[in-house]
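Asker: I'd like to ask you about the structure that follows.
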Amino acid sequence: MRVARDGSPDGEDAARGRIAALIDCVAPARPTRVVEVGANPINDNPYARLRDMGGCEVWGFEPDPRAFGRLKAGPRETYLPHAVGDGTTRTLHVTRMPSLTSLLRPCPRTTAYLKRAARPMTVEREVAVETVALDALAEPDAFELLKIDVQGGDPTFAEYAKALDVPPKNRLSARTGFDDVTAPRRHQLAKVGH
């Protein structure tokens, strides 16, 4: 086991020990449920250790077939090839870089500013998709953490999360240069407590 300068455990063993202590302390009736809206596997999962130790289940939604194909579900993971929304048909803007695919079209001002660096944001095709409403699904029937990574659609999902009674502290969000994430968007996010 690695040891920190102060003599305390350090590294993976220490992290596992803290997670085990948390699980024992909280003693949940069932594992915490995490819903990932936009589950593209481009980054390390921030709750992988908790999941691996039986402390949470992950329900991920990823509409881009390229990204969905890279998701590997483990024993405590369920991934579905759906776009989360209000249950209506929407247009999925499939971009050159899978991590930038979105229900929103890339902002023209952002792509103009980025010039050649905007190539990954190039929309290669548009696909009609039926969105699914989380509250209309049989599973997951309840969840504690909603992770949102939807390329600029945060205000829409923040409002949706508020309607589902997901407290602001239980919402994680990632933002990019899509659909004018400017002052009006920030105001929308603030309005719903995000």
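Asker: Take the conditions buried (at least 19 other Cβ atoms within 10 Å of the Cβ), in contact (Cβ under 8 Å) with a residue 24 or more places away in the chain and either at positive phi or more than 15 Å from the chain's Cα centre (by Cα) (or both) and apply them to residue 38. Does it pass?
Answerer: yes
Asker: Follow-up. Identify the residue in segment 57-76 that is open to solvent by less than 30 Å² (accessible area, probe 1.4 Å), of a type in the set (Gly, Ala, Ser) and within 17 Å of the chain's Cα centre (by Cα) and, among all such residues, is modelled with the highest pLDDT.
Answerer: Per the criteria, the residue is 60.
Asker: Here's something else I'd like to know. Whether any residue in segment 109-119 is small (Gly, Ala, Ser), modelled with pLDDT of 85 or more and touching a strand residue (DSSP E or B) at 6+ places or on another chain (Cβ under 9 Å) is what I want to check.
Answerer: The answer is no, given that none of the residues of segment 109-119 is small (Gly, Ala, Ser), modelled with pLDDT of 85 or more and touching a strand residue (DSSP E or B) at 6+ places or on another chain (Cβ under 9 Å).
Asker: Let me ask something else about it. Go through 49, 90, 16 for me and flag whichever is part of a strand (DSSP E or B), in contact (Cβ under 8 Å) with a residue 24 or more places away in the chain and either surrounded by 15 or more Cβ atoms within 10 Å (Cβ to Cβ) or out of contact with any strand residue (DSSP E or B) (no Cβ under 9 Å at 6 or more places or on another chain) (or both).
Answerer: Numbers: 49 fails: part of a strand (DSSP E or B); 16 fails: part of a strand (DSSP E or B).
Only one candidate passes the filter, namely 90.
Asker: Quickly run through segment 77-87 and pick out the residues that are open to solvent by less than 20 Å² (accessible area, probe 1.4 Å) and touching a helix residue (DSSP H, G or I) at 6+ places or on another chain (Cβ under 9 Å).
Answerer: Correct list: 84, 85.
Asker: Within segment 93-112, track down each residue that is within 13 Å of the chain's Cα centre (by Cα) and assigned to a strand (DSSP E or B).
Answerer: 102
Asker: Run residue 79 past the list (1) over 18 Å from residue 64 (Cα atoms); (2) at pLDDT 90 or above and report the number of the one that doesn't hold.
Answerer: (1)
Asker: Now for a separate question. Return the total of residues in segment 129-172 being modelled with pLDDT of 60 or more, within 17 Å of residue 47 (Cβ to Cβ) and of a type outside the set (A, V, I, L, M, F, W, C).
Answerer: 4
Asker: Do we have residue 17 as more than 15 Å from the chain's Cα centre (by Cα) and closer than 21 Å to residue 139 by Cα here? Give the derivation first.
Answerer: Values: more than 15 Å from the chain's Cα centre (by Cα): yes; closer than 21 Å to residue 139 by Cα: no.
No.
Asker: Restricting attention to segment 52-87, which residues are part of a helix (DSSP H, G or I) and either among the charged types (D, E, K, R) or farther than 21 Å from residue 132 by Cβ (or both)?
Answerer: Initially, segment 52-87 is screened for residues part of a helix (DSSP H, G or I), giving 52, 65-70.
If the condition is that a residue be part of a helix (DSSP H, G or I) and either among the charged types (D, E, K, R) or farther than 21 Å from residue 132 by Cβ (or both), then 52, 66, 70 are the ones that fit.
Asker: Here is a check on your reading of the model: is residue 54 free of Cβ contacts under 8 Å to residues at least 60 places away in the same chain, surrounded by fewer than 15 Cβ atoms within 10 Å (Cβ to Cβ), in contact with a strand residue (DSSP E or B) (Cβ under 8 Å, 6 or more places away or on another chain) and not polar (S, T, N, Q)?
Answerer: no
Asker: Would you please name the residue that is least open to solvent (accessible area, probe 1.4 Å), looking only at residues in segment 116-151 that are farther than 14 Å from residue 86 by Cα and among the polar types (S, T, N, Q)?
Answerer: 151
The values are calculated or read from the model by the stated rules, or taken from the named source; none is laboratory data. Computed from a prediction, not measured in an experiment: that's the story for all the values here. Please note: Cβ atoms are built from the backbone with ideal geometry, for glycine as well, and neighbour counts cover all protein chains shown. Ligands, DNA and RNA are excluded from the accessible area calculation, which covers all protein heavy atoms including side chains. Shrake-Rupley method; radii C 1.70, N 1.55, O 1.52, S 1.80 Å.
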